[in-house]
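A quick write-up on the structure given underneath.
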Amino acid sequence: MSVFESLDVDRIGICQACLSFVSMPLADGDLKSAKREARKMAPILWDEGLAEPALAALRRAAAERIDGADRALADLEDNAGRSATARAIVLELAAQQARRARARIRLVEEARERMPPFLPEWN
């Protein structure tokens with residue numbers, strides 16, 4: 001089990017548009033830009049709703065004695081949204097967002113291929 005496994009991008013109250021500044025370069029394979037954006041966005045997302053679910057997830061992980069959870073929790077408690085742990089969480093959530101966006105695009109493309117020919121403007 002991952003330290004961040006219980007965090008789900010669609011279930012925590014963070015700005016999806018803000019997170020897209022990280023997920024878009026990540027989806028393009030530009031890890032350097034994604035990390036740079038995560039550094040910028042982590043404190044903002046932290047203040048906008050990431051703090052509570054992140055701390056709760058790390059507390060659960062620490063209680064379950066998941067490797068690294070104690071260190072990650074201490075990092076969050078000491079450095080909040082400016083911590084390396086917060087940046088790692090933002091990168092994980094951005095990766096989730098990017099994967100789900102790709103899946104949605106594939107679904108739309110498949111649906112368009114199956115549209116009946118009498119609706120050409122939808123194809």
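If the condition is being modelled with pLDDT under 75 and surrounded by 10 or more Cβ atoms within 10 Å (Cβ to Cβ), then the stretch 96-123 contributes M115, N123.
The helices (runs of 4 or more DSSP H) found entirely in the stretch 1-95 that carry 2 or more residues being buried (at least 16 other Cβ atoms within 10 Å of the Cβ), touching a residue at least 24 places away in the same chain (Cβ under 8 Å) and within 14 Å of the chain's Cα centre (by Cα) are 16-27, 31-45, 51-63.
The values are calculated or read from the model by the stated rules, or taken from the named source; none is laboratory data. Note that the structure is predicted; figures quoted are calculated from it, not measured. For neighbour counting, all protein chains shown are included, and Cβ atoms are generated from backbone atoms with ideal geometry for every residue, glycine included.
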